[in-house]
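What follows draws every value from the coordinates through simple rules; no lab data is involved. Computed from a predicted model, the values in this text were never measured in an experiment. In this analysis, Cβ positions are derived from the backbone assuming ideal geometry, glycine residues included, and neighbour counts consider all displayed protein chains.
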Amino acid sequence: MSPRLLVWRGLEEWLAEACEVTLDGDRLHAKGTQFGTEPHPYRVDYELTTGSGWVTERFVVIARDAAGQRELDLRRAADGNWTVNGEARPHVAGALDCDLAFSPLTNFMPARRLAGAPADHVMAWVSVPDLGVLRSEQRYEPIDERHVRFVGLDDGFTAELQLDEDGLVVRYPRLAERVASAARA
């Protein structure tokens with residue numbers, strides 16, 4: 001599939017995100033930028049690569065704010081172990097995916113893998129703009145072809161995500177909605 005440019009805007013807080021997404025079989029590659037103002041103004045640039053089955057292989061993030069610049073190189077090994085900038089992160093061992101705070105993009109992988117039944121996931125959740133990597137337990141529940149319920153098992157937060165024909169988020173209530181999508185030549 002040719003690359004698509006996706007653009008989202010925040011719904012309750014000022015937020016903007018744009019990324020170029022390429023889906024190839026059961027793999028994803030995305031490069032994007034997120035701008036936010038909470039807890040203070042920041043910019044995050046990222047590149048996400050998944051392997052077979054939409055499982056995260058590498059997530060590189062650069063955050064910029066008034067405190068300076070931070071870099072994160074988050075990698076998942078085939079055995080399910082994760083590293084951050086080369087250092088082991090056993091608290092997220094077994095996770096299949098990364099999850100970037102405030103980003104509708106990273107809901108794609110667990111939602112896309114649903115096989116008609118609810119599934120619980122451990123995520124390597126990346127906070128912004130500090131780029132901390134935390135364990136996040138989440139559930140994805142299929143509603144129909146274009147809707148999935150997200151449940152934060154850590155905090156009880158729920159949201160009904162609207163998806164497009166490829167499984168990419170169109171609307172994430174209280175977070176963001178897509179305002180543009182275009183295929184690139």
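Do you know the relative contact order of region 4-183, to the nearest whole percent, from alpha carbon pairs under 8 angstrom that are 6+ apart?
Over region 4-183, the number comes to 18 percent.
Could you work out how far apart the two model spin labels at L5 and A18 are, taking each label as a point 7 Å from the Cα in the direction of the beta carbon, and quote it in nm?
0.6
Could you work out how much longer the chain between V179 and R43 gets when fully extended? Use 0.36 nm per residue separation minus the Cα distance between them, nm to one decimal. Numbers along the way, then the final one.
Details: separation 136, 0.36 × 136 = 48.96 nm, distance 1.93 nm.
Taking V179 through R43 to full extension adds about 47.0 nm, to one decimal.
Kindly provide the helix-only [θ] at 222 nm of the chain, computed as the sum of -39,500 (n - 2.57) over DSSP H runs of four or more divided by all residues, to the nearest 500 deg cm²/dmol? Don't skip to the answer; put the middle values down first.
Details: 1 runs with 5 residues, N = 185.
About -500 deg cm²/dmol.
Give the separation of the Cα centroids, region 42-95 to region 111-185, in Å.
Taking the Cα centre of each part, region 42-95 and region 111-185 sit 18 Å apart.
How big is D, in µm² s⁻¹, for region 4-183 by Stokes-Einstein at 37 °C and 0.692 mPa s if Rh is the Kirkwood radius over C-alpha pairs?
The Stokes-Einstein estimate is 202 µm²/s.
Obtain the nm distance between the two label points defined at H147 and Q162 by a simple spin-label model: each point lies 7 Å from its Cα along the Cα-to-C-beta direction.
Taking the simple label geometry, H147 and Q162 are separated by 1.0 nm.
Enumerate the residues in region 135-161 having an amide nitrogen under 14 Å from the point lying 7 Å beyond the Cα of R70 toward its Cβ.
135
Taking the Cα centre of region 4-183 as origin, work out the dipole magnitude from +1 charges on Lys and Arg Cβ and -1 charges on Asp and Glu Cβ, in debye rounded to 20.
180
Counting every Cα pair in region 53-107, what percent are over 17 Å apart? Walk me through the numbers on the way to the answer.
Values: 616 of 1485 pairs.
Percentage above 17 Å: 41.
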